[in-house]
1. For a quick check of your reading of the model, give me the residue pairs whose first member lies in the range 39-68 and is surrounded by 10 or more Cβ atoms within 10 Å (Cβ to Cβ), whose second is hydrophobic (A, V, I, L, M, F, W, C) and in a loop (DSSP other than H, G, I, E, B), with beta-carbon atoms closer than 7 Å and at least 6 apart or on different chains.
2. Residues in the range 20-34 that are part of a loop (DSSP other than H, G, I, E, B) and within 13 Å of Ser56 (Cβ to Cβ): how many?
3. How about the range 55-88: which of its residues are modelled with pLDDT of 75 or more, within 28 Å of Glu26 (Cβ to Cβ) and part of a loop (DSSP other than H, G, I, E, B)?
4. Please give the number of the condition Pro34 fails out of (1) at pLDDT 90 or above; (2) touching a His at 6+ places or on another chain (Cβ under 6 Å); (3) of a type outside the set (Asp, Glu).
5. Please find, among Ile48, Ile16, the residue that is touching a Pro at 6+ places or on another chain (Cβ under 8 Å) and modelled with pLDDT of 80 or more.
Amino acid sequence: MPDEAVKKALEADRVISDRSRAEAAERLRGRPTPTQEENDRAKLGEHILTHEDDGSGPDLNSEEYKKKHAQASSTGASYSTRTAKPSS
């Protein structure tokens, strides 16, 4: 009987581990920057100012992103949220 409990616990751990690995793989789908091609071109003496998009989305810490976000906030683009009704 204890062997069955151990097997069930092991299977539950395995399911959680598999899910965790899949989620990590999904987050890391982007390409490296610089890419290997950019590294090879730089090695041959080319000066690369703009890198290819790595698929990671916008850099939330960049000044350009912060400026666009501040402009959108100051233009009055707002939304309303629902208010909680008191329970009776």
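The values are calculated or read from the model by the stated rules, or taken from the named source; none is laboratory data. In this text, all values refer to a predicted model and were calculated from it rather than measured experimentally. Don't worry about glycine lacking a Cβ; one is built from the backbone with ideal geometry, like all the others, and counts go over all protein chains shown.
1. That search, which allows pairs on different chains as well, returns Arg41/Ile48; Ala42/Ile48.
2. Total meeting the criteria: 6.
3. Asn61, Ser62
4. So Pro34 meets the others, but not (1).
5. Working: Ile16 fails: touching a Pro at 6+ places or on another chain (Cβ under 8 Å).
Residue meeting the stated conditions: Ile48.
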